[in-house]
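Every number in this text was worked out from the coordinates using simple rules, so none of it is lab data. Quick caveat, the model's predicted, so the values are computed rather than measured. Neighbour counts are summed over all protein chains in view; Cβ atoms, including those assigned to glycine, are modelled from backbone coordinates with ideal geometry.
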Amino acid sequence: MSGDTKPATTVYLYELAWILPSIAIPVGMLVALVVTAFGVGIHLPGAEGRIDPTKVAQTPPFDQPGLVQVGPGRYEARIVAGIWTFTPAEIRVPAGSTVTFVVTSRDLVHGLMIHKANINLMLLPGQIARATARFDRPGEYPFLCHEYCGAAHHTMWGKVVVE
Ligand code: CUA
C-alpha cells in the first residue's frame, strides 16, 4: 500500500493546476472586456433616444417612414417594425451609398438583422436603434426580424436593393 501514497508536493501541484486557471481565466476575460470596450471601442448598441411607444406613428421621424437623402451618397432609412412587417419593407439606394438605419418598434420586441451588411439591432418599443452601413456592391441585401415576435415572426422581413 505504501506505493499508493503520493508525496505532498505532488498533491500541492495538482491543486495549483486547478487554482491558477480559475484565477487566470476570469482575469483574462476581464482584461478582454476592458480592452474591447475602451481600447477597441466596441459597445453594445445603445439607446439613441426614446419616444412614446404608443405614439410611434405620430412621432418624427417615424410619422413618415422611408428613405431620406441626408447628403451626397448618404441616406437615412427610417423604419418602423411591428407585427409582422417592416415599414417600409424595401429600400433602394445607389451603389456606394452609406445608409444609416434609424429604427424602432411600435408594439413588441423585434430585431433587425442585415447579415450581408453586418447590422444586428434589437428593436425595443419606444427605443430608437441606429446603425450605419456602406453598400458598395449592387444586389439585394435581405433584412429580417431575428427576435421571436409571435406566430408570423418568420414572415417579417424586407430588403435593401442596391442599384
Ligand atoms: Cu418581429 Cu420576429
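Some points to look at:
- Cα-based shape type of segment 105-163, given that a ≥ b ≥ c are square roots of the gyration tensor eigenvalues and the cut on a/c is 1.5: oblate
- For segment 21-78, the equivalent ellipsoid built from the Cα gyration tensor has semi-axes of 40, 17, 7 Å, listed from largest to smallest.
- Across every pair of non-identical alpha carbons in the chain, the mean reciprocal distance, once inverted, gives a Kirkwood radius of 18.8 Å.
- Zone of residue 95's modelled label, taken as backbone nitrogen in segment 114-143 under 15 Å from a point 7 Å along Cα→Cβ: 135-141
- In this rough spin-label picture, where each label sits 7 Å from Cα along the Cβ direction, the residue 12-residue 115 distance is 5.6 nm.
- In the chain, the DSSP beta bridges split such that about 70 percent are antiparallel, to the nearest 5.
- Each Lys and Arg Cβ is given +1 and each Asp and Glu Cβ -1; about its Cα centre, the chain then shows a dipole of about 300 debye.
- Over segment 33-118, equivalent-ellipsoid semi-axes from the Cα gyration tensor in Å: 24, 20, 13
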